[in-house]
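The values are calculated or read from the model by the stated rules, or taken from the named source; none is laboratory data. Quantities reported herein were computed from a predicted structural model and do not represent experimental measurements. Counting neighbours? That spans all protein chains shown, and the Cβs are built from the backbone with ideal geometry, glycine included. Just so you know, the surface numbers come from the protein's heavy atoms only, side chains and all, with ligands and any DNA or RNA stripped out. Shrake-Rupley method; radii C 1.70, N 1.55, O 1.52, S 1.80 Å.
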Amino acid sequence: MTTKRTMLHELSTKKKKKKKIGRGGARGAKSGRGNKGQRSRAGRRIRPALRDELARIPKRRGYNKNRARGVRNKDAVRSVTLETLEKHFQEKSIITPKVLTDRGVVTKIKGRVPSVKVVARGNIATPITIRKCAVSAGAKQKIEAAGGTIQ
């Protein structure tokens, strides 16, 4: 028994006729649109409820206050203690934010080297040189007492 094979260019699809609503006739008085109101009208579009919720939120006045791009990122500065510097670096090391990220002491922020502040937690005995980093007053005293420099 052989079956006739239909070629791809010979295929045909039956298109279903789209029924127009709101023209009267067989659909009845309400034409399949339910009851009265905005949803039964042509061109209906209900405003999203989220828009009303957003309008109720108090706005912070001023330039760039409600946009994340304009708000300063407080996590952009990474802090490093004297304890970690003592543990990761030897004598006469030059410490910069780039060196700290390369050694894995500080993580990058969105692929960029962050600004770093050295904080006076712990003690340091090895003389080191710190460049391009912010240093707290207590950390500065301890580093200079150990024979280090801040540039």
Matching residues, the range 87-104, being crowded, with 16+ Cβ neighbours inside 10 Å and at pLDDT 90 or above | I95, T96, P97, V99, L100, T101
V113: farther than 21 Å from E91 by Cβ and surrounded by 16 or more Cβ atoms within 10 Å (Cβ to Cβ), yes or no?
-> yes
Check K98, K140, K117, K132 and return the single one that is charged (D, E, K, R), in a loop (DSSP other than H, G, I, E, B) and either under 14 Å from R78 (Cβ atoms) or out of contact with any helix residue (DSSP H, G or I) (no Cβ under 8 Å at 6 or more places or on another chain) (or both).
-> K132
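Tally time: how many residues in the range 45-63 are in a loop (DSSP other than H, G, I, E, B) and modelled with pLDDT of 80 or more?
Residues of the range 45-63 that are in a loop (DSSP other than H, G, I, E, B), as a first pass: 45-48, 57-63.
Now narrow it down to the ones that are modelled with pLDDT of 80 or more: 45-48, 57-59.
Qualifying residue count, the range 45-63: 7.
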Residues in the range 64-86: is at least one open to solvent by 80 Å² or more (accessible area, probe 1.4 Å), of a type in the set (D, E) and modelled with pLDDT of 90 or more?
-> yes
Within the bounds of the range 35-54, is there any residue that is of a type in the set (K, R) and open to solvent by less than 100 Å² (accessible area, probe 1.4 Å)?
-> no
